[in-house]
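What follows is calculated from the coordinates using simple rules that are stated; it is not laboratory data. Because the structure is predicted, anything quoted here is derived from the model rather than measured. Positions of Cβ are generated from backbone atoms using ideal geometry, with glycine treated the same way; all protein chains shown enter the neighbour counts.
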C-alpha cells in the first residue's frame, strides 16, 4: 500500500513538472517576461503598411524621387531579411506635390489605406496641413520636413531631420559672427518652412545685436522680385538671406545681380539643387545645409538600386526613417500607441544620416550640426573664409 502511495506521488510530481515545462515553453514562444522575442507577435501574415507622403510631382519632384527610392531600398532590405516578425512591409507612396495637398495624402494613408506608420512629408508646405490628420488618427509619423513647429502638432509626430530651429539659429550666428555682417535683408517663402526659419533667424539675429533692415514673405509661386529687390536695395543691407525654394531662390539671385545689389548672398538648405547652382549669377552665393555622414557606401547602394546616382541630402533620412520604424515594430509589434511610446525613448545608433537619432521632449533630434557650402561653376563645395 505504501509503495502504491509513493508511486502515485512520483507520478503526480512528473505530471506537475511536465505542466510547468509546457507553460515555460508557451511563455518563451509568445514572448513572456524576460524573453527577447518581440511583443505583439501574432499569427497574422498580412503585409504591414508603411505610408509615405512625398512630392512625386511639382517643384520638389526630384527630391521626391530620391526619398522614395531610399525608402523602397530600406523596405527591400527589411523584407529580404525576413520582414517584421515574419510579415512583409508594403510601402504605400502618395504624392503631396510639396503643397497643402499633404492633407489629402495623409488622410488617404491614415483613413483609407489604414497604414500603421507614416514617413514624411518631406516638404513643410505639405506637412503643416497634413500632420494634424496623422495626429488625430494616432498614426506614428516620422517627418523629414524641417519647419520648427511641426513636431508640436502632437505626440505622434517625430522628426529625424534637423529642425529649422537649429538652422535659423546657426545661420544668424554665422552671418553675424563669422561673416561679420550686421544689417540683413530677408526674403522668404511664406509657408511653414519659410515662415518658421525666418522667425527663428530674425529673433536670433536681433538678439546678437544685428538689424533686420528688410523683411518680406512671398508665396511659393512668385518669381518676379524686382519691386521687392528695389525696396530691399534702398534699405542698404550688407547681406541678403533668402530662405526660398529652388525656383524662387534662382530667380531672386538673378534679379539681385540685375539690379546691382552686390552684397553677400546666403540661402537655406532648399538651395542644395542644380536648379540654383546652374544660374550663372549664383557663383559665390552661400547656403546652409544640415551636416550628414554622406556615406559613400550608402550612395553606391542607392545608386545601384535606382540604376542612377539619385542620392541627395534627404535620401539618407528617408532610408533611416523606414529602418527606425521597422526596428521599433520588430521590438514591440504594430500597436500604434506602443510604437509611439517606444519611439519617445529611442536611441538609434545605426543611422546613415547622423551618428545618433534620439528625440527631445518635442520629438525633435536632440542635436544637429550644419555646414556652409558655396556655389562655384555650376556646382557646390564646402566654404571656408580665406
Overall Cα dimensions of the stretch 271-386 - principal axes, largest extent first, Å:
52, 35, 20
Taking alpha-carbon centroids only, the stretch 77-120 lies from the stretch 233-283 a number of Å equal to 36
Percent RCO, i.e. relative contact order, over the chain, from Cα pairs under 8 Å lying at least 6 residues apart:
16
For the stretch 284-298 and the stretch 155-199, compute the distance between their C-alpha centroids and round to whole Å.
17
Neighbour-count order for 277, 271, fewest beta carbons within 10 angstrom listed first:
277, 271
Looking only at the chain, where both bridge partners belong to it, what percent of the DSSP beta bridges are antiparallel (to the nearest 5)?
30
Folded to 0 to 90 degrees: helix 2-30 orientation relative to the chain principal axis, Cα:
20
Just want to confirm a number: the relative contact order over the stretch 183-302, from Cα pairs under 8 angstrom separated by 6+ residues, in percent.
24
Measure nothing but the geometry: give the 0 to 90° angle between the long axis through the Cα atoms of 315-332 and the longest principal axis through the Cα atoms of the chain, rounded to 10°.
20
Label corresponding to Rg/Rh (Cα atoms, Kirkwood Rh) when calculated from the structure given, among [x] 0.98; [y] 0.95; [z] 1.15
[z]
Across 81, 282, 165, the residue with the highest GNM fluctuation in the chain (Cα network, 10 Å cutoff) is 81
How long are the semi-axes of the ellipsoid equivalent to the stretch 106-226, from square roots of 5 times the Cα gyration tensor eigenvalues, in whole Å, largest first?
33, 16, 9
Ranking of 346, 244 by count of other Cβ atoms within 10 Å, fewest first
346, 244
The stretch 39-111: relative contact order as a whole-number percent, Cα under 8 Å and 6+ apart
44
